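To start, the structure itself, in structure tokens.
The values are calculated or read from the model by the stated rules, or taken from the named source; none is laboratory data. Quantities reported herein were computed from a predicted structural model and do not represent experimental measurements. We place every Cβ from the backbone using ideal geometry, glycine too, and count neighbours over all the protein chains shown.
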Amino acid sequence: MVEVLESVPPDDLVKSALERLKQAGYMIALDDFTIDDPRATLADLADILKIDMQATTAEDRATLVSRYGPWRCRMLVEKVETREHFTLTKAAGFIYFQGYFFCKPEVMHAKEIPANRLNYMRLLQAVSKPDLEVRELESLMKSEASVCYRLLQYMNSAAIGVRNEVHSIRHAITLLGEREVRRWVRLIATLTVGQNKPSELLNSAMTRARFCEIIAERVPHGESDLFLMGLFSMIDVLLDMPMVTVLENIPVDYETKAVLLGGASTLRPLYQLMLARECGDWQGTNDQAERLGLDESQVAAAYWEAVQWVRQVNSV
């Protein structure tokens, strides 16, 4: 992806350079695009137009979507900081979104876990126990048709490559093994409780989980499950409950609980690396990577792999 800033003059030299880049397979994005943008002559080369939520009016945004999207360019809106911003821009026709709302969305405080999500909480509790009780897990999974369907669909997909079809939950659990079962149930339960949330939030949670899991191979982390840490970093938003309430119901190790609650933890540098890389804070990314003994290429490769993994999961 090549991003053309608003300060770049739309002259013949720039246009020729973008044409060469596009022919080489790069996507082109025009940053902070406006109604009377001097780079309008470059719009035919652009794949994405990035619009600043804070610097444009609703009328301006509607005009830009009508003029340039959806067939000409993919429209992205930046600085989406509230639920209202997201709802308005999505209705206006934007398909890509960036902003604080997706990094730290508003948490709706509920007094108790909604009844329709209790079974998923019980699943999360079951796979968080030190000793996995297969019969209990099987029973809980059978009580949720959507979980059963996803598991059997996953086990019979090309991603797994099982020779014979898997027809039972017990068979699937046996084939996956304890570690993979824990990982898979956490993922599916978290995705299901957040099924009415914007897909960007779910993708972010999955990307965080896989990114941390990949980095776990390169940094010391004790007994902590870094896939769980990344996935649960947004569990409060997905459940519409304060993090402290969620963690009272799901047992996690001390270091993971501490970092998720904002306290001192040995996992803090990795957690900060995860957030910095997600937000495109390159200086923060480099600082935390150096602190962990990682180089920039390792972090970039891990994040790219995580993004590709999320795409694969979503396609199953």
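Worth pointing out:
- Taking region 60-77 as the range and being under 25 Å from the mean Cα position of the chain (by Cα) and among the β-branched types (Val, Ile, Thr) as the test, only Val77 passes.
- Flag if Ser204 is part of a loop (DSSP other than H, G, I, E, B) and either charged (D, E, K, R) or buried (at least 17 other Cβ atoms within 10 Å of the Cβ) (or both): no
- All positions within region 257-283 that are under 19 Å from the mean Cα position of the chain (by Cα) and among the hydroxyl-bearing types (Ser, Thr, Tyr): Tyr271
- Inspection of region 232-255 identifies at least one residue that is surrounded by 15 or more Cβ atoms within 10 Å (Cβ to Cβ) and at pLDDT 90 or above.
- Breaking point among (1) of a type outside the set (Val, Ile, Thr); (2) farther than 22 Å from Pro198 by Cβ; (3) touching a strand residue (DSSP E or B) at 6+ places or on another chain (Cβ under 7 Å); (4) in a loop (DSSP other than H, G, I, E, B), for Phe94: (2)
- Within region 282-297, tally of residues that are loosely packed, with under 15 Cβ neighbours inside 10 Å and assigned to a loop (DSSP other than H, G, I, E, B): 2
- Sole exception among (1) surrounded by 13 or more Cβ atoms within 10 Å (Cβ to Cβ); (2) modelled with pLDDT under 75 for Ala216, by number: (2)
- Failed item, numbered, when Thr190 is tested on (1) at pLDDT 90 or above; (2) assigned to a helix (DSSP H, G or I): (1)
For every residue, the table says whether it meets (1) hydrophobic (A, V, I, L, M, F, W, C); (2) part of a helix (DSSP H, G or I); (3) modelled with pLDDT of 85 or more.
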site	(1), (2), (3)
Gly25	no, no, no
Asp32	no, no, yes
Ala43	yes, yes, yes
Asp60	no, yes, yes
Trp71	yes, no, no
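- Failed condition for Leu260, given (1) exposed (fewer than 15 other Cβ atoms within 10 Å of the Cβ); (2) in contact (Cβ under 8 Å) with a residue 24 or more places away in the chain: (1)
- Phe211 being crowded, with 22+ Cβ neighbours inside 10 Å, under 25 Å from Ser143 (Cα atoms) and under 14 Å from the mean Cα position of the chain (by Cα): no
- Selection over region 7-57 of residues that are of a type in the set (Ser, Thr, Tyr) and under 16 Å from Val77 (Cα atoms) gives a count of 3.
- Candidates in region 45-58 are the residues that are within 26 Å of the chain's Cα centre (by Cα) and either charged (D, E, K, R) or part of a helix (DSSP H, G or I) (or both); of these, the one that is modelled with the lowest pLDDT is Asp47.
- Residues located in region 10-29, provided they are in contact with an Asp or Glu (Cβ under 8 Å, 6 or more places away or on another chain) and either free of Cβ contacts under 8 Å to residues at least 40 places away in the same chain or outside the structural domain of Val65 (by TED's automatic domain parsing) (or both): Met27, Ile28
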